[in-house]
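Report on the structure given below.
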Amino acid sequence: MNYEKLAELLFPHIDKTPADYEAMYPARDLPAGAKVTRLGPSPTGFIHLGNLYGAFVDERLAHQSGGKFFLRIEDTDDKRYVEGAVEIIINSLRFFGIQFDEGATMNGDIGDYGDYTQSHRGPIYQCFAKKLVAEGKAYPCFMTEADIAEIHAQQEAQKANPGIYGKWAKSRDLSMEEIEAKLAAGTPYIIRLKSDGDMSLPEDQIKRFQVEDAIRGTLDMPVNDQDTVLLKATGIPTYHFAHVVDDHLMRTTHVVRGAEWLPSLPIHVELFEKLGWEVPIYCHTAQLMKLDEEGNKRKLSKRKDPELSLDYYRNEGYHPAAVREYLLTILNSNFEEWRIANPDAPIDDFAFTTEKMSNSGALFDLNKLNDISKDVLLKISAADLFDFLKAWAEEFKPELLHIFEDRAYLEKILDIGRHEERNPRKDHIYAQQIIQNISYFFDDLFEIEDDFPQEAAGDVQAIIEKYLATYDHKDDQEVWFGKIRQIADALGYAVKPKDFKKNPDQYKGHVGHVSTVIRVALMGRQQSPDVWEIQQILGEERTRARLSKFL
C-alpha cells in the first residue's frame, strides 16, 4: 500500500504540512517549570461545578508557576451545541473570578495560539490526520451504521469485546483499488486510527503501558486496542483527536480533567506517541460526591442536584470568594490547616499542589460551603458587600434595586454586629438569604413572620403603649434597656430571667418576653440582632410608626 498516495487521495485540499503548523505554534517562551493549562468546556448550555473545580486547579497550577492558562471552546460535537452557551461559559467563569491569560472571550480571541474554538480549526486536524494516513497509522473506514450494528450483534453473540478492532475492522486492510472504487462511487467514510493493541490476545499477553498522573501517581493500563474514530464523515474531529492536536500545538503541559476520562487515556497516549509528540502530564481529578439521605456517597447528579449547576450559585448569590475558599478545602487536604494558621492571608498565598488532591472522590457539602461563606463574608467590608449585592440584584432581582438607593443606610444595616471582638455576627451567607435577613429594614418588604411570645401575648398592646410613652431615640443602650425593665416590672414580669425560672408562678414571664414583643413588632421576628442598634438605624420616625400599628 502506498500510504502517501492514499493520504493525497483523501486530503487533496490540505496544502499545509505539520511543519508549517509547528512553526505557527512554536514552543512558548516561559520560565523553567512554568505550567500551561487549559479549560476546554463544551458549549452545551450547562456549565457545572466540575468545570469550576477543574478551572480552579488549572488556574492555580499555571499562575503559581508563572505559566499560562487559556480557555478553549471544544465544540466539535455539533449535536450538543446550544446557542448562547459560549457566553454562558465565559460569564459564569468570570463571575467566579477565574482569570484566563488567553483564549476565547466575548470580544474574540486573545493570545497567539488560536483560533481557540475547535470548530474553526478543521484544516489543522485534517493536516495531522493526513500525516497519520501517510505513515500507515490511520485509514479510511467505509462501514455504515448498519454494518457496525451488525458487528456489535455478532460480538454480543460470541461474547467478544465490543468495538472496531482486529478482524472486526472491515476497512482496515482494503487495497488501494478497493478504496479508489469506493471514493469514485461517493461512498461516505471516516478516518480511524490503526491501533497497535490486540484485544484477541490472552489477558496475560496484552501489552500494557505506564504513565504518571499528577494526582493518582503511576497508572498501569492496557494499551489502546480500538480503531478509534479520528475524523467523522463531515471532516469534523472527535474529542479524542482534536484535544491531542490542540494540546500539542498550544503547548499545554498539564491536562486537568475528571476521572471519567481515565478509560480514554490509552487512546490519547497512543495518539501522542503516533504523532511523535511528548505526552502532557494528565491530572485526573476525583469525582464530586455528596452524601445521600442514608449517609452513602454518590456522584453529584445533574438531574437530582441543582447545586451541580453554576447557575445555582449565581442565582442564589454566593460570593465568588466564598465559593473559591470552599473549593480549596476539597481540592487540597492541607488548606484548612493553612487557613487556621493564616486567617487573614489572601487565598492566592496558599501553595496549591496536585499531590494534596484526593483521588477517591471529593465530598461536596453545601452546609460546609454555607459555614465557610459566613466566615468569608465577615471579612468583606460593608461597602464591598453593598456593591456585590447590588450587582447581583441588577442581574437576578431588579425588583429589589430600590433598597440600594440610600447607600449609607444599607451599609449600616450590613455592618450590624460584624465588628464585635468576641462574637461577631456571622449569619450572612448568600445574597438571596442576606436580603431576606435584612428585609424588615424596608417597609415594603417588612412582614410579621413570628408570633408574639406566648407568655406576653395578652399584654402586647400594654407593652407597646408603655414603650412608646417612654421612648426617647437619644437614649443610650443602658438607659433604653432600663426602661424595658421598668415596663416588665410594672406589668408583672420578672426583671431577671433567673427569677422567673426559680419562681415561675409569681410572674407572667420575664423581661426577655417583654423585649421580644417589641422585637416582633419592629422586625416581625423573635430572633434578630440587637433591638437598640436596629432602632438607631431605622430612625425614630420609622420606629414609632411601626410600633403604633399595634395600638
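The values are calculated or read from the model by the stated rules, or taken from the named source; none is laboratory data. Note that the structure is predicted; figures quoted are calculated from it, not measured. We place every Cβ from the backbone using ideal geometry, glycine too, and count neighbours over all the protein chains shown. Keep in mind that these areas ignore ligands, DNA and RNA; they rest on the heavy atoms of the full protein, side chains included. Shrake-Rupley method; radii C 1.70, N 1.55, O 1.52, S 1.80 Å.
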Can you report the number of residues in region 274-298 which are touching a residue at least 40 places away in the same chain (Cβ under 8 Å) and outside any helix (DSSP H, G or I)? 14
The conditions are (1) open to solvent by 40 Å² or more (accessible area, probe 1.4 Å); (2) hydroxyl-bearing (S, T, Y); (3) assigned to a loop (DSSP other than H, G, I, E, B), and T44 fails exactly one of them. Which is it? (1)
Quick check on region 356-367. Is at least one of its residues part of a helix (DSSP H, G or I), within 27 Å of I88 (Cβ to Cβ), modelled with pLDDT of 95 or more and not basic (K, R)? no
Scan region 76-99 for residues that are crowded, with 17+ Cβ neighbours inside 10 Å and either of a type in the set (A, V, I, L, M) or under 15 Å from the mean Cα position of the chain (by Cα) (or both) and jot them down. A85, V86, I88, I89, I90, S92, L93, F95, F96, I98
Regarding E260, is this residue charged (D, E, K, R), over 30 Å from V376 (Cα atoms) and open to solvent by less than 20 Å² (accessible area, probe 1.4 Å)? no
I'd like to verify a number: residues in region 397-412 that are part of a helix (DSSP H, G or I) and either of a type outside the set (D, E, K, R) or open to solvent by less than 70 Å² (accessible area, probe 1.4 Å) (or both), how many? 10
What is the one condition in (1) touching a Leu at 6+ places or on another chain (Cβ under 9 Å); (2) touching a residue at least 60 places away in the same chain (Cβ under 8 Å); (3) of a type in the set (G, A, S) that A55 does not satisfy? (2)
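Let's see how each residue does on (1) out of contact with any helix residue (DSSP H, G or I) (no Cβ under 6 Å at 6 or more places or on another chain); (2) open to solvent by 20 Å² or more (accessible area, probe 1.4 Å); (3) in a helix (DSSP H, G or I):
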residue: L414; (1), (2), (3): no, no, yes
residue: H428; (1), (2), (3): no, no, no
residue: F452; (1), (2), (3): no, yes, no
residue: A462; (1), (2), (3): yes, yes, yes
residue: V479; (1), (2), (3): yes, yes, yes
So, G539, is that one modelled with pLDDT of 95 or more, over 44 Å from the mean Cα position of the chain (by Cα), of a type in the set (G, A, S) and open to solvent by 10 Å² or more (accessible area, probe 1.4 Å) or not? no
Keeping to region 301-328, report how many residues are surrounded by fewer than 18 Cβ atoms within 10 Å (Cβ to Cβ), farther than 28 Å from F386 by Cβ and either without any contact (Cβ under 8 Å) to a residue 12 or more places away in the chain or aliphatic (A, V, I, L, M) (or both). 3
Just to be sure before I move on: is A7 touching a Gly at 6+ places or on another chain (Cβ under 9 Å), surrounded by 15 or more Cβ atoms within 10 Å (Cβ to Cβ) and not basic (K, R) in the structure I sent? no
Any residue that is in a loop (DSSP other than H, G, I, E, B), within 23 Å of Y312 (Cβ to Cβ), modelled with pLDDT of 90 or more and not hydrophobic (A, V, I, L, M, F, W, C) - is there at least one of those in region 55-69? no
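Answer with yes or no whether Q486 is of a type in the set (S, T, N, Q), in a helix (DSSP H, G or I) and open to solvent by 60 Å² or more (accessible area, probe 1.4 Å). Break it down stepwise before answering.
Values: of a type in the set (S, T, N, Q): yes; in a helix (DSSP H, G or I): yes; open to solvent by 60 Å² or more (accessible area, probe 1.4 Å): yes.
When the stated conditions are applied, Q486 passes them.
Quick one: is E135 farther than 30 Å from A23 by Cβ, of a type in the set (D, E, K, R) and at pLDDT 95 or above?
Values: farther than 30 Å from A23 by Cβ: no; of a type in the set (D, E, K, R): yes; at pLDDT 95 or above: yes.
In short, no.
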Condition first: among the β-branched types (V, I, T) and open to solvent by 40 Å² or more (accessible area, probe 1.4 Å). Now tell me which residues in region 11-41 satisfy that. T17
Which pairs turn up if I take residues in region 413-436 that are over 16 Å from A391 (Cα atoms) and hydroxyl-bearing (S, T, Y) and look for partners that are assigned to a loop (DSSP other than H, G, I, E, B) and open to solvent by less than 50 Å² (accessible area, probe 1.4 Å) with beta carbon separation below 6 Å, at least 6 apart in sequence or on another chain? none
Does region 435-449 contain at least one residue that is in contact with an Asp or Glu (Cβ under 6 Å, 6 or more places away or on another chain) and open to solvent by less than 80 Å² (accessible area, probe 1.4 Å)? no
The lone condition Q210 fails out of (1) part of a strand (DSSP E or B); (2) under 17 Å from L132 (Cβ atoms) is (2)
How many residues, within region 339-351, are part of a helix (DSSP H, G or I) and either exposed (fewer than 15 other Cβ atoms within 10 Å of the Cβ) or modelled with pLDDT under 95 (or both)? 5
Considering residues of region 190-230 that are in contact (Cβ under 8 Å) with a residue 40 or more places away in the chain and basic (K, R) only, the residue least open to solvent (accessible area, probe 1.4 Å): R192
Pull out all pairs, ordered by first then second residue, where Cβ-Cβ is under 7 Å, the residues are six or more apart or on different chains, the first lies in region 392-403 and is free of Cβ contacts under 8 Å to residues at least 12 places away in the same chain and over 16 Å from P320 (Cα atoms), and the second is assigned to a helix (DSSP H, G or I) and of a type in the set (D, E). L401/E394
Note on region 146-183: residues at pLDDT 95 or above, of a type in the set (G, A, S) and more than 22 Å from P237 (Cβ to Cβ) are A146, A149, A153, A157, S175, A181
Selected residue (only one of L366, L377, L331 is within 23 Å of the chain's Cα centre (by Cα), surrounded by fewer than 16 Cβ atoms within 10 Å (Cβ to Cβ) and in contact (Cβ under 8 Å) with a residue 24 or more places away in the chain): L366
